[in-house]
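The values are calculated or read from the model by the stated rules, or taken from the named source; none is laboratory data. Bear in mind the structure is a predicted one, so any value in this text is a computation, not a measurement. Please note: Cβ atoms are built from the backbone with ideal geometry, for glycine as well, and neighbour counts cover all protein chains shown.
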């Protein structure tokens, strides 16, 4: 079982195939048993491999499983190969664990949905594709998973396709991701052209060894590594919802809430971070690319946090929060602090999945509405949900001892302390660090606003009579995520707190992504104090504004700065700007192409032209069809006569060449007819009526004794048909 | 008699037949003219066969006779059937497949 990594993605894929084919004939119980077992079994296999197989081999690159050669062409050979190293093993565990819990949660959340089997089939398919992405040993296999999760994301966002808005949200997500995928593909091509391989370990080894092929200048004075890293990061920005491709994620909340938790918070959207971390060694060769990654991450973290301040939909706030937290992770990997980025990915999976599941639980209780201005005072009604939400809220705000505190701190401290940018780009490091601190303040504020508006004060919902806590299959996973959100930080305590061996994740990941970033103990403590102050300031400010419902300071703030508030509420009009800059020109171009190419060129000229031609020819040819059998026969007889004449016509040489050489004449008759060798030739060179040469040979030579003008006569006879022909020429001999 | 005499007769027969096929308008006469053409072919086959001392010509003569019988049967059936539906055996009136 240990080396058979293929079972890990295969189990959910088989579950998906089975449920898609025959799932709708089964009862709900059977459907969710199959689906949960498939993912649960994948969890067991991954845990077995991770805890018992991997530790012994982690220094040698982990476990591999080569299923076979996928394709080979020229220098390119791509195996269908899976690898579990320190990084992919951890990721695999997170995916299967979160996946299993959310499968269980979904059995409660989706209990009344009519498309139960389809939902679980897609969830299983997603898990399979995600595991393929995580475990893929080379970029093409990773790309298959990458596209697979994108497809599942599309299918699940538009799961309730009856409403146009949901279907369009799915399309928006898919198309935005495709734009990013182009970057991924180009990055892959560049790497193959430079390094001649697409195997991730080979690429990483090349990069770690200094990689002359990767540091060679490509365009505009930048090395191959920079461009490959940049294009791959563009792909990552699509998948992980970073500026400029983040716009799909808020709309993706149209899907069922468990989907938002699994795909659009905990797993799929972190794929970009994961990819950058896996290829980290290559990114380290290009500080400029790292600076772009970190800069985009910090900008996204701040920007999304600001937008989240003005939103009133429970899930939209969490979506912008996810975008913002993904920005944190990209700053982590973009500052060379790969372990920090992955650590935040790890803790974020718990607290964000928890938050989303709480959102699901709240909306389940309220009958589907996500408008937080119509909630409030739910703390007493939904005790379990409230407690889990509190833990996850404190975790994401970065309150000490909760998981988010340690992971966020690892990233922020790393951002200030890193030296990967070199002297010329050194200013990037404090800039992104400061951006993150501002984003952290925003995070604490908007999350606290969410908490106070939903759980404290008077209940503003219409359905207060029917409020009920969710069933056990929903509460169970919630509690597990709550515990995870509380405790996951223990896996990566900074050395300043727990001693040099406390950073379990950092040391565990070292063989895969390099040693953890060194941060001096004093600086670490100062950072932790600063983050704590920021988190508490954000929470306190939110309490002042929204404690127990929107309060006087909040109203006064809105009244004082109406313009600013309106701009933030409308998300800085980014969607509208994209509409004007990208969507409308593209639509105009498509319409033009449709009219010119499709309507005029293809429909009118190519299709219509041919039919016109055939029609016209037919109109003339029909005149020949007189319908009189005797006229046909007459034509037939004439044709036959012509054929007989051609076949039986007198044999003739196809070519006649006469050369004069001194006093000699050389005659060569080309004979390409089928009758070759059966003809009889006669040559009369001196025109006296007597044949000087005769026989089956088409060539003859004659030497004249005197110069003068001679008449040359050549006879060709076909004895079989008794036909003959004579050719005459006059030649001058000097 | 020399071979060419037979061939001349055969040629004459064939041209008479061809002329009949192409020029006569009555379907029955056309069929009979086809028989003349076949007879001409048979005669030529037999003449060459005798001249060359080769028996294959005789064998083919039998084939031609079988073919002529089959052709007459099918042709007559068609003529009868056409006559039943159209009340005519004049080929000028049978031109439904005009384009």
Exercise for the section: Looking only at region A:337-356, decide whether some residue is out of contact with any strand residue (DSSP E or B) (no Cβ under 7 Å at 6 or more places or on another chain), buried (at least 24 other Cβ atoms within 10 Å of the Cβ) and assigned to a loop (DSSP other than H, G, I, E, B). Expected result: yes
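If I filter region A:519-540 for residues that are in a loop (DSSP other than H, G, I, E, B) and in the same structural domain as residue A:400 (by TED's automatic domain parsing), do I get at least one hit?
There is at least one residue in region A:519-540 that is in a loop (DSSP other than H, G, I, E, B) and in the same structural domain as residue A:400 (by TED's automatic domain parsing).
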Problem - Restricting region B:78-93 to residues that are under 14 Å from residue A:627 (Cβ atoms) and free of Cβ contacts under 8 Å to residues at least 24 places away in the same chain, the residue that is nearest to the other protein chains (Cβ to nearest Cβ) - result: B:93
Practice task
Look at residue A:597 and say whether it is at pLDDT 85 or above, more than 13 Å from every other protein chain (Cβ to nearest Cβ) and farther than 30 Å from residue A:310 by Cβ.
Solution key: yes
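Yes or no, residue by residue, for (1) within 20 Å of the chain's Cα centre (by Cα); (2) under 23 Å from residue A:417 (Cβ atoms); (3) not assigned by TED's automatic domain parsing to the domain that holds residue A:452:
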residue	(1), (2), (3)
A:249	yes, no, yes
A:254	no, no, yes
A:267	yes, no, yes
A:280	yes, yes, yes
A:306	no, no, yes
A:317	no, no, no
A:323	yes, no, no
A:332	no, yes, no
A:336	no, yes, no
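Tell me, please, whether a residue that is farther than 30 Å from residue B:24 by Cα, facing chain B (nearest Cβ under 10 Å) and part of a helix (DSSP H, G or I) can be found in region A:601-618.
Restricting attention to region A:601-618, the residues satisfying the condition of being farther than 30 Å from residue B:24 by Cα are A:601-618.
Next, only the ones that are facing chain B (nearest Cβ under 10 Å) stay: A:618.
Then drop every residue that is not part of a helix (DSSP H, G or I), which leaves A:618.
Yes, there is a match, as at least one residue in region A:601-618 is farther than 30 Å from residue B:24 by Cα, facing chain B (nearest Cβ under 10 Å) and part of a helix (DSSP H, G or I).
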Practice task
Would you mind stating whether residue A:289 is in a helix (DSSP H, G or I), touching a strand residue (DSSP E or B) at 6+ places or on another chain (Cβ under 9 Å) and buried (at least 24 other Cβ atoms within 10 Å of the Cβ)?
Solution key: yes
Problem - Among the candidates A:63, A:19, A:90, residue that is over 30 Å from residue A:113 (Cβ atoms), in contact (Cβ under 8 Å) with a residue 40 or more places away in the chain and over 23 Å from the mean Cα position of the chain (by Cα) - result: A:63
Problem - Among (1) surrounded by 11 or more Cβ atoms within 10 Å (Cβ to Cβ); (2) farther than 30 Å from residue A:726 by Cα; (3) away from chain B (no Cβ under 14 Å), the one test that residue A:656 misses - result: (2)
Practice task
Looking only at region B:28-36, decide whether some residue is surrounded by 17 or more Cβ atoms within 10 Å (Cβ to Cβ), farther than 30 Å from residue A:631 by Cα and without any contact (Cβ under 8 Å) to a residue 24 or more places away in the chain.
Solution key: no
Fill in the blank from the handout: When restricted to A:133, A:97, the only residue out of contact with any strand residue (DSSP E or B) (no Cβ under 8 Å at 6 or more places or on another chain) and surrounded by fewer than 24 Cβ atoms within 10 Å (Cβ to Cβ) is A:97
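For every residue, the table says whether it meets (1) in contact with a helix residue (DSSP H, G or I) (Cβ under 6 Å, 6 or more places away or on another chain); (2) farther than 25 Å from residue A:356 by Cα.
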site: A:33; (1), (2): no, no
site: A:48; (1), (2): no, yes
site: A:51; (1), (2): no, yes
site: A:54; (1), (2): yes, yes
site: A:60; (1), (2): no, yes
site: A:71; (1), (2): no, yes
site: A:75; (1), (2): no, yes
site: A:94; (1), (2): yes, no
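If only one of A:203, A:191 is buried (at least 22 other Cβ atoms within 10 Å of the Cβ) and more than 17 Å from the chain's Cα centre (by Cα), which one is it?
Details: A:191 fails: more than 17 Å from the chain's Cα centre (by Cα).
Every option except A:203 fails the conditions.
So that you can scan it fast, the table gives a plain yes or no per residue for (1) touching a strand residue (DSSP E or B) at 6+ places or on another chain (Cβ under 7 Å); (2) in contact (Cβ under 8 Å) with a residue 40 or more places away in the chain; (3) in the same structural domain as residue A:278 (by TED's automatic domain parsing); (4) assigned to a helix (DSSP H, G or I):
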| site | (1), (2), (3), (4) |
| --- | --- |
| A:148 | no, no, no, yes |
| A:152 | no, yes, no, yes |
| A:155 | no, no, no, yes |
| A:170 | no, yes, yes, yes |
| A:180 | no, yes, yes, yes |
| A:230 | no, yes, yes, yes |
Problem - Residue list for region B:52-77, restricted to those being within 14 Å of chain A (Cβ to nearest Cβ) and surrounded by 12 or more Cβ atoms within 10 Å (Cβ to Cβ) - result: B:75
Problem - Check on residue A:727, under 17 Å from residue A:660 (Cα atoms) and at pLDDT below 85 - result: no
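Does residue A:625 meet the test of being within 14 Å of another protein chain (Cβ to nearest Cβ), at pLDDT below 90 and part of a helix (DSSP H, G or I)? Give the derivation first.
Working: within 14 Å of another protein chain (Cβ to nearest Cβ): yes; at pLDDT below 90: yes; part of a helix (DSSP H, G or I): no.
So residue A:625 fails the test.
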Handout entry: Selection within region A:682-697 - part of a strand (DSSP E or B) and either exposed (fewer than 14 other Cβ atoms within 10 Å of the Cβ) or not assigned by TED's automatic domain parsing to the domain that holds residue A:719 (or both)
Key = A:695
Practice task
Could you check, for region A:491-509, whether at least one of its residues is under 20 Å from residue A:349 (Cα atoms) and surrounded by fewer than 16 Cβ atoms within 10 Å (Cβ to Cβ)?
Solution key: yes
Problem - Identity of the residue in region B:1-27, more than 14 Å from every other protein chain (Cβ to nearest Cβ) and buried (at least 19 other Cβ atoms within 10 Å of the Cβ), that ends up farthest from residue B:71 (Cα to Cα) - result: B:10
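What number of residues within region A:513-525 are over 28 Å from residue A:275 (Cβ atoms) and exposed (fewer than 13 other Cβ atoms within 10 Å of the Cβ)? Spell out the reasoning first.
Taking region A:513-525 as the starting set, the residues that turn out to be over 28 Å from residue A:275 (Cβ atoms) are A:520-525.
Narrowing the set further to residues that are exposed (fewer than 13 other Cβ atoms within 10 Å of the Cβ) leaves A:520-522.
Residues in region A:513-525 being over 28 Å from residue A:275 (Cβ atoms) and exposed (fewer than 13 other Cβ atoms within 10 Å of the Cβ): 3 in total.
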Completion exercise
Checked A:349, A:339 against criteria (in contact with a helix residue (DSSP H, G or I) (Cβ under 7 Å, 6 or more places away or on another chain) and at pLDDT 90 or above); the one match is A:349
Problem - Residue list for region A:698-734, filter: in contact with a helix residue (DSSP H, G or I) (Cβ under 9 Å, 6 or more places away or on another chain) and either in a loop (DSSP other than H, G, I, E, B) or loosely packed, with under 13 Cβ neighbours inside 10 Å (or both) - result: A:721
Exercise for the section: Kindly check whether there is at least one residue in region A:636-644 that is away from chain B (no Cβ under 14 Å), part of a helix (DSSP H, G or I) and exposed (fewer than 12 other Cβ atoms within 10 Å of the Cβ). Expected result: yes
